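Chemist: What follows is a structure written as structure tokens; I'll ask about it next.
The values are calculated or read from the model by the stated rules, or taken from the named source; none is laboratory data. No experiment lies behind these values; they were computed from the predicted model shown. Please note: Cβ atoms are built from the backbone with ideal geometry, for glycine as well, and neighbour counts cover all protein chains shown. Only protein heavy atoms, including side chains, enter the accessible area calculation; ligands, DNA and RNA are left aside. Shrake-Rupley method; radii C 1.70, N 1.55, O 1.52, S 1.80 Å.
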Amino acid sequence: MKKRVFSGIQPTGDLHIGNYLGAIQHWVKIQHEYDCIYCVVDLHAITIPQDPRILRAKTREVAGLLIASGIDPQIASVFIQSHVHEHSELTWILNCFIPMGWMRRMTQFKEKSQKQKEEVSTALFDYPALMAADILLYNTDEVPVGEDQKQHVELARDVAQRFNSVYGDTFTVPKAVIAKTGARIMALDDPTQKMSKSEEQPGRVINLLDSPDDIRNKIMRATTDSLREIRFDEDRPGINNLLVIYEQFTRQGREEIEGRFEGKGYVDLKRELAEVVVESLSPVQSRYRELTADPHHIDRLLAEGADKVRPIAEKTLARVRDMVGIG
């Protein structure tokens, strides 16, 4: 049997090339090797205030972009988290087994709660329990995540092991898988910060649905440095980030890339990089337009995805309910 992979993505902000290179391309690649379940996690999104109209639109936009990027809903399962209610019910049961001390150690809550202060929700504190339920509900073997989410997968492991020690072998103990390259694409205007969907500064990210002119303008304004040599160097974050983006889109080796730009200037690199990004995103954008031409097409695909995974979720939850003595 194939190992099962689960991963989720929030329908907030705009999907950008950091998401595409760091996660989505990896998801596309492994769908033929693993039993892959990909979830648009709208329940996670509402841990902070959302405009309902925008949230619904973004949920379908994210799903459409996943499929347009190459995830085949006939091979992998793509669905919306809230369409499978077992996620919520398992979260409550897991809450009864997760010590408060484990939750207090979650660094993302500390960072996000400092911004929201008194308005921070209980759900934001409980976010890792929901993520653990997402993962454990499907007997997940591997969870491809960024470094910033590794701690949450570790919590899922701890919860699974604790539950299994009390009730016997119930949950598969998952492991986090972090891509070795391309996992951290940095902001164009501040290459010391990771490219983020939550950023609203227009020159910081290249979104998957940006026009060719917007892509060119953003790359031409990207931060570099005062040196001249074009080479990979983590101590020169601006130029290094542009080269990593070039490397990830072209799949060329680093020596080959450095040789290509030997004796050339930053403007040459930026111009060529811009065309590489425009050309690479063009088929994604075209496919997205095709998918969304019929407003009900994405909904049908998502409903089919939920129908595929629901029996797995129902079976897991029924076993857990029986174990703890409810229902």
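Chemist: For D14, which of the numbered conditions (1) open to solvent by less than 30 Å² (accessible area, probe 1.4 Å); (2) in a loop (DSSP other than H, G, I, E, B); (3) touching a residue at least 60 places away in the same chain (Cβ under 8 Å) fails to hold?
Modeler: (1)
Chemist: Q25: over 22 Å from R251 (Cβ atoms) and either in contact (Cβ under 8 Å) with a residue 60 or more places away in the chain or within 11 Å of the chain's Cα centre (by Cα) (or both), yes or no?
Modeler: Spelling it out, it is not the case that Q25 is over 22 Å from R251 (Cβ atoms) and either in contact (Cβ under 8 Å) with a residue 60 or more places away in the chain or within 11 Å of the chain's Cα centre (by Cα) (or both).
Chemist: Same structure again: If the requirement is being closer than 30 Å to D141 by Cβ and open to solvent by 20 Å² or more (accessible area, probe 1.4 Å), which of these qualifies: S196, S211?
Modeler: Selected residue: S196, the only one of S196, S211 that is closer than 30 Å to D141 by Cβ and open to solvent by 20 Å² or more (accessible area, probe 1.4 Å).
One line per residue, one yes/no per condition, for (1) more than 29 Å from the chain's Cα centre (by Cα); (2) over 25 Å from I135 (Cβ atoms):
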residue	(1), (2)
D268	yes, yes
V284	no, yes
L291	no, yes
D307	no, no
A313	no, no
A318	no, no
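Chemist: How many residues does segment 54-80 contain that are part of a loop (DSSP other than H, G, I, E, B), open to solvent by 10 Å² or more (accessible area, probe 1.4 Å) and under 20 Å from G22 (Cα atoms)?
Modeler: Here the count works out to 3.
Chemist: May I pose another question? Can you say whether E33 is more than 18 Å from the chain's Cα centre (by Cα) and farther than 26 Å from R184 by Cα, as far as the supplied structure shows?
Modeler: no
Chemist: Being of a type outside the set (V, I, T) and either farther than 22 Å from P99 by Cβ or buried (at least 17 other Cβ atoms within 10 Å of the Cβ) (or both) is the filter here; which residues of segment 155-180 pass it?
Modeler: Once the filter is applied, which keeps residues that are of a type outside the set (V, I, T) and either farther than 22 Å from P99 by Cβ or buried (at least 17 other Cβ atoms within 10 Å of the Cβ) (or both), segment 155-180 yields L155, A156, R157, A160, F163, F171, P174, A176, A179, K180.
Chemist: Let me ask another. May I ask you to list the residues in segment 13-54 that are hydroxyl-bearing (S, T, Y), in contact with a Ser or Thr (Cβ under 7 Å, 6 or more places away or on another chain) and more than 14 Å from V145 (Cα to Cα)?
Modeler: T47, the sole residue that qualifies.
Chemist: Only one residue in G259, G238, G253, G263 is open to solvent by 70 Å² or more (accessible area, probe 1.4 Å) and either touching a Leu at 6+ places or on another chain (Cβ under 8 Å) or small (G, A, S) (or both). Which one? Quick ask: steps written out before the conclusion?
Modeler: Values: G259 fails: open to solvent by 70 Å² or more (accessible area, probe 1.4 Å); G238 fails: open to solvent by 70 Å² or more (accessible area, probe 1.4 Å); G253 fails: open to solvent by 70 Å² or more (accessible area, probe 1.4 Å).
G263 is the lone residue from the list that is open to solvent by 70 Å² or more (accessible area, probe 1.4 Å) and either touching a Leu at 6+ places or on another chain (Cβ under 8 Å) or small (G, A, S) (or both).
Chemist: Please count how many residues of segment 181-234 are small (G, A, S) and under 21 Å from R271 (Cβ atoms). Give the steps one after another, and end with the answer.
Modeler: Start the filter on segment 181-234 by keeping residues that are small (G, A, S), which leaves 182-183, 187, 196, 198, 203, 211, 222, 226.
So of that shortlist, the ones also under 21 Å from R271 (Cβ atoms) come out as 187, 203, 211, 222, 226.
Total meeting the criteria: 5.
Chemist: Answer yes or no: is there a residue in segment 85-102 that is of a type in the set (A, V, I, L, M), modelled with pLDDT of 95 or more, within 19 Å of the chain's Cα centre (by Cα) and not in a loop (DSSP other than H, G, I, E, B).
Modeler: No, the conditions are met nowhere in segment 85-102.
Chemist: Do you know which of the residues in segment 29-53 that are among the hydrophobic types (A, V, I, L, M, F, W, C) and open to solvent by less than 50 Å² (accessible area, probe 1.4 Å) is farthest from K2 (Cα to Cα)?
Modeler: Of segment 29-53, the ones among the hydrophobic types (A, V, I, L, M, F, W, C) are 30, 36-37, 39-41, 43, 45-46, 48.
From the residues that got through so far, the ones that are open to solvent by less than 50 Å² (accessible area, probe 1.4 Å) too are 30, 36-37, 39-41, 43, 45.
Values: I30: 11, C36: 9, I37: 12, C39: 19, V40: 22, V41: 24, L43: 28, A45: 30 Å.
So the residue we want is A45.
Chemist: If a residue has to be under 19 Å from the mean Cα position of the chain (by Cα), outside any loop (DSSP other than H, G, I, E, B) and basic (K, R) to count, how many in segment 160-184 make the cut?
Modeler: Of segment 160-184, the ones under 19 Å from the mean Cα position of the chain (by Cα) are 174-184.
Cutting the leftovers down to outside any loop (DSSP other than H, G, I, E, B) gives us 175-177.
Next cut, basic (K, R) only: 175.
Looking only at that region, the number is 1.
Chemist: How many residues does segment 129-159 contain that are of a type in the set (S, T, N, Q) and part of a helix (DSSP H, G or I)?
Modeler: So the answer is 2.
Chemist: Hey, can you tell me all the residues within segment 199-208 that are crowded, with 18+ Cβ neighbours inside 10 Å and not aliphatic (A, V, I, L, M)?
Modeler: So in segment 199-208, the residues crowded, with 18+ Cβ neighbours inside 10 Å come out as 199, 204-208.
E199, R204, N207, listed by residue number.
Chemist: Additional query: How many residues does segment 281-293 hold that are crowded, with 16+ Cβ neighbours inside 10 Å and either within 16 Å of I215 (Cα to Cα) or in contact with a Pro (Cβ under 8 Å, 6 or more places away or on another chain) (or both)?
Modeler: Qualifying residue count, segment 281-293: 3.
Chemist: Give all pairs with beta carbons closer than 8 Å in which a residue from segment 297-309 that is without any contact (Cβ under 8 Å) to a residue 40 or more places away in the chain meets a residue that is surrounded by 14 or more Cβ atoms within 10 Å (Cβ to Cβ); count only pairs at least 6 apart in sequence or on separate chains.
Modeler: H297/L291
Chemist: Taking V84 as the residue in question, decide whether it is of a type in the set (A, V, I, L, M) and surrounded by 22 or more Cβ atoms within 10 Å (Cβ to Cβ).
Modeler: Answer is yes for this residue.
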